[in-house]
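Have a look at the structure below, then the notes.
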Amino acid sequence: MIALAMALAAAALAGPEPRLVYCHMMECSWSKPVSNVAVRTTPRGTLRKVVAIQGTSVHRDDYPSRYQASIRIGWEKPATQYVLCSRSQPAFAFRSGKRWVAHALDLFNLGGYNTASATAYLRACHGVEYDREDIEKVIRGLGYRPGTRGEQVEIASPEQLFDLPRRTRN
């Protein structure tokens, strides 16, 4: 068990710098990308398998706006997630116990529950950071339009991201 913890800590320190995902209620979530691979492409979009090491830091005062070496982050084991890079129905899937949970994303109208999913989606599909003042202009420039379905549903497998209903209004 100690060897596993040491290996995870070493992996977290190596490679790209941690990226801030989301801060809420005195905690910040962090992510370090491990891999991002296209699994399947159809006319509806490209399904990508994304592996990242997730971590959490605690903050009593102000939240950080970016990573600094002085931030103490507790790292977990790598997690596998999937994104469907699709302008007609962007989506994100993650494991919750033995189930898969999908977030259909309206990138223009997010709830707190799916902001981290949108952050991961934009990074995986476009290399774009969500936390920026001109994000609406950027995502419009990438070809997205408001009105895609935004909801959370259970799915049997990440492949079912292709089957999520599309845009709810034009």
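Any read-out appearing in this document is the output of simple, stated calculations on the displayed coordinates, not a laboratory observation. What you see is a predicted model, and the numbers here were worked out from it, not measured in a lab. Cβ coordinates were reconstructed from backbone atoms using ideal geometry, including for glycine residues, and neighbour counts include every protein chain displayed.
Given R₀ = 25 Å, FRET efficiency for residue 69-residue 113 by Cβ-Cβ distance, to 0.05?
So, using R0 = 25 Å, E works out to roughly 0.20.
So for the stretch 25-112, what are the equivalent ellipsoid semi-axes in whole Å, largest first, each being the square root of 5 times an eigenvalue of the Cα gyration tensor?
Equivalent-ellipsoid dimensions as semi-axes: 28, 16, 13 Å.
With label points built 7 Å along Cα→Cβ from the Cα atoms of residue 61 and residue 162, find their separation and express it in nm.
So the label points at residue 61 and residue 162 sit 5.2 nm apart.
By how many degrees, between 0 and 90 and to the nearest 10, does the Cα long axis of helix 115-126 differ from the longest principal axis of the chain?
Between helix and principal axis, roughly 80 degrees.
Which value at 222 nm does the chain reach when only helices count, each DSSP H run of 4 or more adding -39,500 (n - 2.57), with the total divided by all residues and rounded to the nearest 500 deg cm²/dmol?
-5500 deg cm²/dmol
Quick one: what Rg and Dmax do you get for the chain from the alpha carbons, in Å?
Computed over the Cα atoms of the chain, radius of gyration and Dmax are 16.3, 54 Å.
Tell me, how many Å apart are the Cα centres for the stretch 64-80 and for the stretch 82-136?
20 Å
Tabulate in residue order the Karplus-calculated ³J(HN,Hα) for the stretch 61-73, using 6.51 cos²θ - 1.76 cosθ + 1.60 with θ = phi - 60°, rounded to whole Hz; enter x for Gly and Pro.
3J(HN,Hα) across the stretch 61-73, in whole Hz: 10, 6, 7, x, 9, 7, 5, 9, 4, 6, 6, 8, 10.
Name the long-range amide H neighbours of residue 110: under 5 Å, sequence gap of 5 or more, or other chain; modelled H, no Pro or chain starts.
none
What order, most packed first, do the peptides 82-89, 62-69, 20-27, 130-137 have when packing is the mean number of other Cβ atoms within 10 Å of each residue?
Result, highest mean Cβ count within 10 Å first: 82-89, 20-27, 130-137, 62-69.
Over the stretch 22-170, calculate the relative contact order: mean separation of alpha carbon pairs under 8 Å at least 6 apart, over the residue count, as a percent.
It rounds to 21 percent for the stretch 22-170.
Could you go through the stretch 153-165 in sequence order and give the Karplus-derived ³J(HN,Hα) for each residue, using 6.51 cos²θ - 1.76 cosθ + 1.60 with θ = phi - 60°, rounded to whole Hz, and x for Gly and Pro?
Karplus-based 3J(HN,Hα) across the stretch 153-165 equals 9, 7, 10, 7, 7, x, 4, 5, 4, 5, 9, 5, x Hz.
May I ask for the net charge around residue 159, where only other residues with Cβ less than 15 Å from the Cβ of residue 159 are counted and Lys, Arg are +1 while Asp, Glu are -1?
+4
Step through the residues of the stretch 91-101 one at a time and calculate ³J(HN,Hα) from phi using the Karplus curve (6.51 cos²θ - 1.76 cosθ + 1.60, θ = phi - 60°), rounding each to whole Hz and writing x for Gly and Pro.
8, 9, 10, 9, 7, 9, x, 9, 9, 9, 10
Taking amide H positions as placed in the peptide plane 1.01 Å from N, state which residues far from residue 21 in sequence (5 or more) or on other chains have amide H under 5 Å from it.
Here 29, 30, 31 satisfy the definition.
For residue 77, go through the lysines and keep the ones whose alpha-carbon is under 21 Å away, minus same-chain ones fewer than eight residues off.
Within the straight-line cut-off, residue 77 pairs with 32, 49, 98.
Show the residues, 5+ positions off or on another chain, whose built amide H is closer than 5 Å to the amide H of residue 34.
51, 52, 53
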